[in-house]
Each structure stands twice: as structure tokens, then as C-alpha cells.
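Just below is one structure, and these are the notes that go with it.
The values are calculated or read from the model by the stated rules, or taken from the named source; none is laboratory data. Treat the numbers as computed from the prediction; the structure is a model and nothing was measured. For neighbour counting, all protein chains shown are included, and Cβ atoms are generated from backbone atoms with ideal geometry for every residue, glycine included.
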Amino acid sequence: MAAASPAASAAPTGDDTSAVAAATGRSDACGAKGCGSATVTWGEKKLPNITMSVKDTKCDGKTVGIQLQVEGFNENRWGGPVHWLPSGWTCHDGYKRFPNLHFEARWKIRSVRAVVYAKNGGGQSPTLYGGNRADNPYT
């Protein structure tokens, strides 16, 4: 008697951590006061590896930071924490990396984008520079 054939496998979701080559996406954001990027490893409902970096491009002594925004379907959204340059970090120090971050949702992730925040001082809201939207190949 022959052994039963294994069932056909479902389409990949990217959430399988044993995948040989995981898909990645990148969003870049830049403006007069700061530049940054976010690179993610895709999953259908999670981003198991996120690395962000940001630098001050104005050299005016005002801090800049970077945030990852995640968009799902059906108006699901998440804006992560802003990762600010540490105290004493100047424009001459170059990019500050924020590696080994992750995100997991209960909903399918459609896209991500980086947003650079630049403080203005004087109680004013920060200036925001939105990056390109990187689409999730698994959704």
C-alpha cells in the first residue's frame, strides 16, 4: 500500500521563521532637518526584524527621531514609538541605528512607512517628514 501524499501547502505568509530567504521592505524619509529609514522583514501579521536609523541634517541642536507606521486593512493602523537621537548625539555623529525591533498584529499588515520627527523648540509641534510606503508582498 502506498503512503498518502502530503497535502498541498498553503501560500507562504512570511510568518514562518524557517523560511530560507525572507522578504524585506524599506521606507526612506528625508527633509531639511533630518533623514532616516526603516527596513523590515515581512510577515503576514508580524514584522520579526525591524532596523531603523536617523540622523540630524540641520545641525541646529534640535533633536530628531524616527517612527515606524504600520498600516493594515479595514483601517487598522499602528504608530510605533518615536526613537529619538540620544542626548549629546550631534549631526557630526552620523546615523544612529535602532536594530532588533519587532512588531506583531492581530490583523494583516498592508504596508509600512518611516516618519522622521524634528523638534522645533518653543513648545511647537515637531516637523514631520513622511517616507515612501513599502507594500507587504504577503498581503
Task: Subset of segment 66-86 (residues that are in contact (Cβ under 8 Å) with a residue 24 or more places away in the chain, over 14 Å from VAL54 (Cβ atoms) and not in a strand (DSSP E or B)) - done: PHE73, ASN74, ASN76
Open item on the list: Could you tell me how many of the residues in segment 125-139 are β-branched (Val, Ile, Thr) and either in a strand (DSSP E or B) or touching a Leu at 6+ places or on another chain (Cβ under 7 Å) (or both)?
Closed with: 1
Open item on the list: I'd like to verify a number: residues in segment 120-134 that are in contact with a Lys or Arg (Cβ under 7 Å, 6 or more places away or on another chain) and either of a type in the set (Asp, Glu) or at pLDDT 95 or above (or both), how many?
Closed with: 7
Open item on the list: Here's a check for you: in segment 87-119, which residue that is surrounded by 12 or more Cβ atoms within 10 Å (Cβ to Cβ) and more than 17 Å from the chain's Cα centre (by Cα) is farthest from MET52 (Cα to Cα)?
Closed with: LYS119
Open item on the list: Considering only segment 128-135, I want to know if a residue exists there that is crowded, with 16+ Cβ neighbours inside 10 Å and farther than 30 Å from ALA22 by Cα.
Closed with: no
Open item on the list: Considering only segment 100-118, I want to know if a residue exists there that is at pLDDT below 95 and not charged (D, E, K, R).
Closed with: no
Task: Residue match in segment 95-105 (condition: touching a Cys at 6+ places or on another chain (Cβ under 6 Å) and hydrophobic (A, V, I, L, M, F, W, C)) - done: no
Task: Number of positions in segment 96-124 that are without any contact (Cβ under 8 Å) to a residue 60 or more places away in the chain, of a type outside the set (S, T, N, Q) and part of a loop (DSSP other than H, G, I, E, B) - done: 4
Open item on the list: Tell me whether segment 70-84 contains one or more residues that are at negative phi, surrounded by 16 or more Cβ atoms within 10 Å (Cβ to Cβ) and among the basic types (Lys, Arg).
Closed with: no
Open item on the list: Conditions first: (1) in contact with a Ser or Thr (Cβ under 7 Å, 6 or more places away or on another chain); (2) not small (Gly, Ala, Ser); (3) not in a strand (DSSP E or B). LYS58 passes all but one, so which condition is the exception?
Closed with: (1)
Task: Unique match (being buried (at least 16 other Cβ atoms within 10 Å of the Cβ) and farther than 18 Å from PRO126 by Cα) among LYS55, LYS45 - done: LYS45
